[in-house]
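Student: Please read through the structure below; I'll follow up with questions.
The values are calculated or read from the model by the stated rules, or taken from the named source; none is laboratory data. Predicted model only: the values in this text are computed from it and were never measured. As a convention, Cβ positions derive from the backbone with ideal geometry for all residues, glycine included, and neighbour counts pool all protein chains shown. The area values use the complete protein model at the heavy-atom level, side chains included, leaving out ligands, DNA and RNA. Shrake-Rupley method; radii C 1.70, N 1.55, O 1.52, S 1.80 Å.
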Amino acid sequence: MELYTGAVDKGLEGVVACTTAISFIVDATLCYRGYTIEDLAEHSNFEETAFLLWKDKLPTESEYNEFKSHFVKGMNLNAEQVKALQSLPFKDVHPMAWLRTAVSYMALWDSDSQSIDEEGRQRVSLRLAPKIGPLVALLERTRQGKEYVPPKENKSFAWNFLYMLKGEEPDEEMVKVFDTCLILHADHELNCSAFAARVTSSSLSDIYSAIVSAIGALKGPLHGGANEQVMRTLLKIGSVEKAEEWVKEALARKEKIMGFGHRVYKNGDPRAKILRGMSESLTKKTGQSKWYEMSAIIDKTVQKEKGLLPNVDFYSATVYYSMGIPLDLYTPIFATARVVGWLAHIQEQYSKNRIYRPRGQWIGKEGLKWVPFSERS
Ligand code: COA
C-alpha cells in the first residue's frame with residue numbers, strides 16, 4: 001500500500017477524510033444540506049435546523065410540529081436523573097468536564113444506548129440532543145443552590161433553555177438571538193469534534209461514547225473553548241482605549257488572539273459576520289456597547305497586523321455576555337447546539353462505515369535490545 005505523507009504533522013490540513021452531505025464550506029460560504037447559513041439564520045429555527053441536518057430536507061408543517069414537540073419534551077430530566085446529576089461534584093470543576101461526565105452518565109438511563117441500528121439511532125438522537133442544554137442549565141442552577149426548572153412543552157428549545165437556566169420567562173428578543181446562535185453553531189463540516197465523534201463511531205462504538213469524545217475535543221481552546229477565552233481577554237483588557245495596544249503587544253509576544261484565524265476560512269467566517277451584527281445591537285440594547293467597541297478595535301487591529309479574520313467564537317462571546325450568561329458556560333452552550341451536527345455525522349458514519357485507522361510515519365529508534373538495570377544509564 002502506498003502511503004500519502006503530504007500532511008504529516010500538519011494537523012491533516014487539506015486532507016479529505018470522508019465524503020459528507022451534511023454541511024459544506026466553499027470560500028466564505030457555509031451551507032447546511034445545501035441551504036446557506038444566512039438563509040437559515042434569517043428564516044429557520046434550531047428545531048427545524050436539527051431536522052434538516054438529520055433528515056436531509058426541510059420538514060413539512062406536520063413533520064415540524066411533531067419533531068418540535070418531541071424535541072422539547074426530550075428536554076426534561078426525570079427526578080431520578082436530576083437527583084443523581086445534582087450529586088456530581090461541581091466545585092472547581094469546569095462545566096465542560098462536568099458535561100462530559102453527565103452525558104456519559106445519561107447513557108445509564110437509556111435502554112437503547114447500545115443500539116446503533118437505524119431505529120435505535122433515531123431514538124437515541126432524539127433523546128440525547130435536547131438534553132445537553134438542560135444539563136448545562138441544571139449544573140448552573142445546582143452550583144447556585146437553586147432547584148431544577150422543568151421545560152414548558154408549548155415553548156421552543158431556545159426559550160426553554162434560557163428559562164431553565166434563569167428560572168424566569170426570557171425576553172423574546174433574547175430568545176430570537178439565542179436561537180440564531182444555536183443555528184450558527186449547529187454544524188461545521190469536518191471540524192475537530194465532529195471528526196472525533198466520527199472516529200469513535202467508526203469502531204461501531206455507541207452514540208453516547210461518540211458524543212463524549214466530541215465534547216472532549218470541543219473543550220480545547222483551539223476549538224470551542226475559544227469563546228470563553230475571548231471574553232476573558234476582553235475583561236482583562238478592560239477598556240476600549242487599551243484594546244489596540246494590547247493586541248500589538250500580544251502579537252509581539254507571539255501570543256494567539258482567541259477568536260481569530262481558521263484552518264478553512266481564509267476570507268472570513270460567515271458566522272462571525274452575522275454574530276458581529278448581533279453583538280453590536282445586543283450590547284447597545286443592554287447598555288454595554290463598550291464590549292462591542294472593544295471587539296471591533298481588536299478585529300481591525302488583528303486584521304491589520306496579522307491579516308487574520310474573526311471566527312465564530314469572537315463575537316459570540318459578547319453576545320452571551322450581554323445575555324448575562326456565565327463565562328464558563330459559553331463552550332457548553334456551543335455543545336448544546338453542535339450536538340445536532342455531531343449526531344448527523346455519527347449517523348452518516350454508521351451508514352457507510354469503515355473504521356478510521358491511519359498510519360504513523362516512524363521517526364523513532366530502531367533495532368534496540370533489552371538490557372538489565374545494571375547495564376542501563
Ligand atoms: N492569533 C495570532 N496568530 C495566529 C492566530 C491567532 N488567533 N491564528 C493563527 N495564527 C498564526 C499562527 O501563529 C501561524 O503563524 P506562523 O505561520 O507565523 O507560525 C499562522 O497564523 C497559521 O496558524 P496555525 O495555528 O498554523 O493555523 P491552524 O490552521 O493550525 O489553526 C486555529 C487554526 C483556529 C486553531 C488557529 O487560528 C487558532 O489557534 N486560533 C485561535 C483559537 C480560536 O479562535 N479557535 C477557534 C476556532 S473556530
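Student: Among the residues of the range 211-237 satisfying the criterion of being outside any helix (DSSP H, G or I) and either free of Cβ contacts under 8 Å to residues at least 60 places away in the same chain or more than 25 Å from Ile325 (Cα to Cα) (or both), which is nearest to the ligand (Cβ to nearest atom)?
Tutor: Selected residue: Leu222.
Student: Can you tell me which residues in the range 309-330 are within 12 Å of the ligand (Cβ to nearest atom) and farther than 23 Å from Ala97 by Cα?
Tutor: Leu309, Pro310, Asn311, Tyr315
Student: So, one more: So which residues in the range 83-107 are closer than 11 Å to Ile215 by Cβ and not hydroxyl-bearing (Ser, Thr, Tyr), if there are any at all?
Tutor: Hits for the range 83-107 are Pro95, Met96, Ala97, Trp98, Leu99, Arg100, Ala102, Val103.
Student: Additional query: With respect to Trp246, is the statement that it is over 28 Å from Arg141 (Cα atoms), in a helix (DSSP H, G or I), of a type outside the set (Val, Ile, Thr) and at pLDDT 95 or above true?
Tutor: It is true that Trp246 is over 28 Å from Arg141 (Cα atoms), in a helix (DSSP H, G or I), of a type outside the set (Val, Ile, Thr) and at pLDDT 95 or above.
Student: While we're on this one: Select from the range 192-205 the residues that are open to solvent by less than 20 Å² (accessible area, probe 1.4 Å) and either within 12 Å of the chain's Cα centre (by Cα) or not hydroxyl-bearing (Ser, Thr, Tyr) (or both) and list them in ascending order.
Tutor: Ser193, Ala194, Ala197, Arg198
Student: Continuing with this model, one more query. What's the total number of residues in the range 362-377 that are open to solvent by 100 Å² or more (accessible area, probe 1.4 Å) and assigned to a loop (DSSP other than H, G, I, E, B)?
Tutor: 9
Student: Which count do you get for residues in the range 238-276 that are more than 7 Å from the ligand (Cβ to nearest atom) and in contact (Cβ under 8 Å) with a residue 60 or more places away in the chain?
Tutor: Residues in the range 238-276 being more than 7 Å from the ligand (Cβ to nearest atom) and in contact (Cβ under 8 Å) with a residue 60 or more places away in the chain: 9 in total.
Student: Which ones in the range 263-291 are over 22 Å from the mean Cα position of the chain (by Cα), open to solvent by less than 60 Å² (accessible area, probe 1.4 Å) and not polar (S, T, N, Q)?
Tutor: Trp291
Student: Among (1) out of contact with any Gly (no Cβ under 9 Å at 6 or more places or on another chain); (2) more than 13 Å from the ligand (Cβ to nearest atom); (3) part of a helix (DSSP H, G or I), which single condition is Met294 missing?
Tutor: Condition not satisfied by Met294: (1).
Student: Restricting attention to the range 331-341, does a residue exist that is assigned by TED's automatic domain parsing to the domain that holds Ser209, open to solvent by 10 Å² or more (accessible area, probe 1.4 Å) and closer than 19 Å to Arg121 by Cβ?
Tutor: There is no residue in the range 331-341 that is assigned by TED's automatic domain parsing to the domain that holds Ser209, open to solvent by 10 Å² or more (accessible area, probe 1.4 Å) and closer than 19 Å to Arg121 by Cβ.
Student: Within the range 278-331, work out how many residues are among the basic types (Lys, Arg) and at positive phi.
Tutor: 0
Student: Conditions first: (1) among the polar types (S, T, N, Q); (2) part of a helix (DSSP H, G or I); (3) under 30 Å from Arg357 (Cα atoms). Ser203 passes all but one, so which condition is the exception?
Tutor: For Ser203, the failing item is (2).
Student: Now for a different question. If we only count helices (runs of 4 or more DSSP H) wholly inside the range 82-167, which ones have 1 or more residues that are closer than 21 Å to Leu329 by Cα and of a type in the set (Lys, Arg)?
Tutor: Result: 95-106, 132-143, 157-166.
Student: Could you identify the single residue in Leu126, Leu138 that is in the same structural domain as Val339 (by TED's automatic domain parsing), touching a residue at least 40 places away in the same chain (Cβ under 8 Å) and open to solvent by 40 Å² or more (accessible area, probe 1.4 Å)?
Tutor: One residue alone meets the criteria, Leu126.
Student: Report yes if some residue within the range 162-180 is of a type in the set (A, V, I, L, M) and under 30 Å from Gln349 (Cα atoms); otherwise report no.
Tutor: So far as the range 162-180 goes, no, none of its residues is of a type in the set (A, V, I, L, M) and under 30 Å from Gln349 (Cα atoms).
Student: Restricting the range 220-262 to residues that are farther than 20 Å from Val319 by Cβ and in contact with a helix residue (DSSP H, G or I) (Cβ under 7 Å, 6 or more places away or on another chain), which is least open to solvent (accessible area, probe 1.4 Å)?
Tutor: Going through the qualifying residues, I end up with Val247.
Student: Answer yes or no as to whether Gln144 is surrounded by fewer than 21 Cβ atoms within 10 Å (Cβ to Cβ) and more than 30 Å from Arg357 (Cα to Cα).
Tutor: yes
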